[in-house]
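Scroll down for the structure; my scribbles are underneath it.
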Amino acid sequence: MNNKKLTTSVVASLLLATNLYSVELSSITVTSATKSEQSIKDVTSNVAVITKEELEERHFTTVSEAINTISGINVTSNGGLGKATSVFMRGFDSQRILVLIDGIRYNDITGISGARFEHLMISDIQQIEIIKGAQSGVWGADANAGVINIITTSAKKGTSASVNIEVGSFLTKKLNAKISHKSDKYDFKFGITKIDTDGFTARLPKGDDVSKYEDDGYVNTTINAKFGYNINSNNRIELSHNRLKAKSEYDNGPWGTTIAQKADGEGYVLETKNHYSSLAYLNKNKYSDIKAYANYSKIDRDDEKGYTKEFDGNMKEYGVNAKIPYNVDSFILAGVDYKVSNHKNDVDRTLRNRGAFITNSTKYDKLIFTQSLRYDNYDLFNNKTTGKVGVRYNHNENLYVTSNIGTSYNVPTFYKLYDAWAGFENLQPETTKSFDLTVSYKDLSLTYFDNKINNMIEYNSNTYKYFNMDDDVRLRGLEVGYKKAVLDDLLLSLNYTYTDAKDAEKKRLQRRAKQSIKFGVDYYGFKDFHINVNGEYVGDRIQYDFGTYNESAQTGKYTVWNAVVNYEINSQASVYLKVDNIFDKYYQTVDTYSSAPRSAYIGLKYSF
């Protein structure tokens with residue numbers, strides 16, 4: 001494989017993942033940093049981008065697998081594929097991360113854990129943007145830790161299609177198919193991903209063998225579609241729809257214990273049917289770019305035999321914004337939005353939110369200065385004003401410095417607000433102040449981050465209620481990234497994260513890895529072959545007893561190795577072999593919940 005392909009498909013992708021500055025990155029744009037398309041080299045926020053090329057060469061199954069390669073992020077799971085998954089970003093858990101699919105909110109407004117990462121499959125994705133640090137000044141609620149924006153592919157000129165088939169361990173079968181067409185007047189894209197696996201037991205006594213227990217299977221069908229119509233050269237209409245349907249078998253222990261059940265016919269099954277739709281009108285004129293949109297999210301979960309209950313909720317969002325450019329690569333973005341959320345189960349609840357925001361990004365030669373301010377009005381909570389200020393100095397193509405300070409807040413979900421025993425609870429949003437500083441020189445980047453959470457919402461296992469903590473929680477740490485093409489055909493990647501996550505009493509927050517190291521080597525020296533070896537070391541990570549807040553389990557201190565081999569048959573067809581957990585390492589990311597033993601998958605991709 002030649003050096004040109006190495007540069008375009010891997011080096012640019014992996015350099016993005018550590019936020020390194022490179023002249024090749026000038027063509028990469030991100031939208032979630034300022035709610036507007038912007039060159040990545042002009043973004044002040046701490047941003048990582050996982051590109052389509054990297055996703056295709058690593059053959060990730062889930063979004064959580066992909067983002068787990070990024071510094072500052074760790075993932076835990078209550079079992080295998082499709083089981084409850086938590087993503088930790090700089091010590092914040094999933095419920096404090098705003099997740100978007102093509103700009104539509106994916107967070108589960110009916111639950112307690114934020115976005116349901118376990119159901120997010122790699123399904124026809126163009127790129128994944130990870131914006132770290134408080135982002136409520138741009139996006140409003142639920143962006144305390146940052147924003148993850150998943151952007152699906154759009155149609156390319158002409159007509160094209162592709163099919164990807166994969167089979168492997170645990171009788172896993174995966175199918176991904178896509179067709180698209182683009183002309184001067186209109187374009188459309190339709191994609192479908194189907195995953196079906198027998199899996200392995202979700203609950204597992206520590207030290208035991210997964211083969212002794214029954215399998216907990218999972219089925220996921222994800223459909224995404226896009227349609228665009230160019231009214232004329234200045235006006236366009238866009239329509240997108242994503243549908244997610246999943247069925248997951250799982251094990252559950254007695255309420256209030258950590259005793260792992262043998263999965264012997266308990267029959268816990270969670271069914272999920274979610275819809276995410278958007279209609280947008282775009283206008284480009286010599287003065288501004290205007291966007292008016294309507295988004296709709298519907299969450300439908302059914303768990304008759306389990307503890308989760310049935311939930312039915314939806315969110316409608318309407319907004320309009322305008323981007324006004326001035327000077328060179330400078331702009332002002334201003335807009336308003338209105339959200340109404342509904343929960344229709346034990347009791348009907350409605351939450352309304354009105355917001356107004358403005359962002360200014362100014363470029364002075366090598367210096368970029370960005371400010372964002374947002375005001376939110378709620379019918380159930382106190383009004384919130386949040387903001388963000390960022391600065392970036394690009395000294396040259398080898399050296400840049402960037403820093404950000406911002407405020408953010410997290411709104412309690414309907415489940416937390418409504419208690420089946422006590423009725424409506426007087427919870428208030430929690431607020432966050434965040435700061436980060438990044439220095440990057442050539443192949444090395446160094447980031448310091450510091451976050452403070454006030455009014456943090458926690459669960460009291462004795463009273464069975466959620467409450468606002470009186471004292472602050474502090475999350476701070478260090479991220480180091482290194483990426484370098486050490487030879488013409490060899491690329492080395494390495495990142496390290498140190499996270500100090502403690503409450504006001506200096507007690508560590510559970511399930512946050514204190515240290516982690518992620519590594520990868522890509523080799524292109526053999527004709528038509530690409531070989532990748534990657535892995536992760538997770539350091540000290542603790543878990544507490546249910547209801548006692550006493551340290552009970554160590555779920556870290558392990559290393560897992562994986563490998564991928566790609567072979568390009570011709571310009572249209574390729575095959576690959578993926579092996580996860582090469583050395584069959586036994587570990588549990590959550591106490592008494594199993595993790596995958598060594599597993600292998602083989603796939604074929606054909607484009608036409």
Rounded to a whole number, what % of the accessible area of the range 424-517 do carbon and sulfur atoms account for, probe 1.4 Å?
-> 50
Loop only per DSSP, at most 16 neighbouring Cβ atoms within 10 Å: give me the chymotrypsin sites (Phe, Trp or Tyr not before Pro) in the range 448-506, ordered by residue number.
-> 464
Expressed as a rounded percentage, what relative contact order does the chain have, with Cα pairs under 8 Å and six or more residues apart?
-> 13
For the range 93-190, which GluC sites (Glu not before Pro) are in a loop by DSSP, counting at most 16 other Cβ atoms within 10 Å?
-> none
Amide hydrogen neighbours beyond the local backbone of residue 28, cut-off 5 Å, H modeled | 40
Taking a probe of 1.4 Å, how large is the accessible area per residue of the chain, in Å²?
-> 42
Mind listing the phi-derived Karplus ³J(HN,Hα) values for the range 401-407, rounded to whole Hz, using 6.51, -1.76 and 1.60 with θ = phi - 60°, and x for any glycine or proline?
-> 10, 9, 8, 9, 9, x, 10
Could you give the spread of the C-alpha atoms of the range 374-510 along their three principal axes, from largest to smallest, in whole angstroms?
-> 65, 33, 29
Share of accessible surface on carbon and sulfur in the range 32-164, whole %, 1.4 Å probe and ligands ignored, is 48
Quick calc: nm separation of the 7 Å Cα→Cβ label points for residue 234 and residue 279 -> 2.4
Contact order relative to length for the range 369-527, counting C-alpha pairs under 8 Å separated by 6 or more residues, stands in percent at 14
How high is the FRET efficiency between residue 173 and residue 316 when r is their beta carbon distance and R₀ equals 51 Å, given to the nearest 0.05?
-> 0.90
When the scattering of the range 132-246 is computed by the Debye formula from its Cα atoms alone, each counted once and equally, what is log10 I(q)/I(0) at q = 0.10, 0.22 Å⁻¹?
-> -0.54, -1.10
XL table 273/339; 35/363; 416/518; 483/527; Cα-Cα > 25 Å flagged, in table order, is 416/518
Could you tell me the distance between the Cα centroids of the range 551-571 and the range 344-378, to the nearest Å?
-> 37
Gain on full stretching of the segment that runs from residue 382 to residue 332 - 0.36 nm per residue minus C-alpha separation = 15.2 nm
From the coordinates shown, log10 I(q)/I(0) by the Debye sum over Cα atoms at q = 0.05, 0.07, 0.12 Å⁻¹ corresponds to which of (i) -0.26, -0.50, -1.23; (ii) -0.32, -0.53, -1.31; (iii) -0.20, -0.41, -1.38 = (iii)
In square angstrom, rounded to the nearest 10, how much accessible surface does residue 241 have for a 1.4 Å probe?
-> 60
Carbon and sulfur together cover what percent of the accessible area of the range 168-254 at a 1.4 Å probe radius?
-> 58
With only helices counted (DSSP H, runs n ≥ 4, each -39500 (n - 2.57)), the per-residue ellipticity at 222 nm for the chain, to the nearest 500, works out to -1000 deg cm²/dmol
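The values are calculated or read from the model by the stated rules, or taken from the named source; none is laboratory data. Owing to the predicted nature of the structure, the values given are computational and were not obtained by experimental measurement. Every residue, glycine among them, receives a Cβ derived from its backbone with ideal geometry; neighbour counts consider all protein chains shown. Heads up: the accessible areas ignore ligands, DNA and RNA and are worked out on the full protein's heavy atoms, side chains in. Shrake-Rupley method; radii C 1.70, N 1.55, O 1.52, S 1.80 Å.
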